[in-house]
1. I need the chymotrypsin sites (Phe, Trp or Tyr not before Pro) found in segment 1-74, filtered to DSSP loop residues with at most 12 other beta carbons within 10 Å of theirs.
2. Sort 72, 66 so the one with the fewest other Cβ atoms within 10 Å of its own Cβ comes first.
3. Using a basic spin-label model with each label point 7 Å from the Cα along Cα→Cβ, how many nm lie between residue 8 and residue 87?
4. Taking the beta-carbon count within 10 Å as an exposure proxy, list 45, 69 from fewest neighbours to most.
5. Can you give me the angle between helix 23-42 and the longest principal axis of the chain, using Cα atoms only, in degrees from 0 to 90, rounded to the nearest 10?
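Where a number appears in this text, it was derived from the coordinates with a stated rule and is not lab data. Not measured: the values here are computed from a predicted model. Cβ: placed from backbone, ideal geometry, glycine included. Neighbour counts: every protein chain shown.
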Amino acid sequence: MNFVQAIKSCLGQYATFSGRASRSENWWFFLFQVLVMLVASMFGDVVYGLASLALLLPALAVGTRRLHDIGRTGWWQLLLLTGIGFLVLLYWWVQPSEGAGNIYGEPPAV
């Protein structure tokens, strides 16, 4: 999946927490978020806050779908609230996709 496809997929599934997301989809969307936040910060705090709120739900959704792809539940994202939990999630997010036999029983994302 390339950059544009990943952005279309993530924004098209704005609040879809079911299914799977490939590593490329997750990381391309992460890069998109970073770029949007950098540009938004140049326009002030209000624009930055609005951009952050607009991208929060799709970021959580793609993170959940990525966790589904490795056989974990999306609730593990609550580890982000602990600070150190980001490192655990980062490790999981870079793992290769699990086969179709995971607990969600859906075919792997392409």
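1. Hits after loop and neighbour filter: 14, 43.
2. Fewest to most other Cβ atoms nearby, the residues stand as 72, 66.
3. 3.9 nm
4. Lowest count first: 45, 69.
5. 10 degrees
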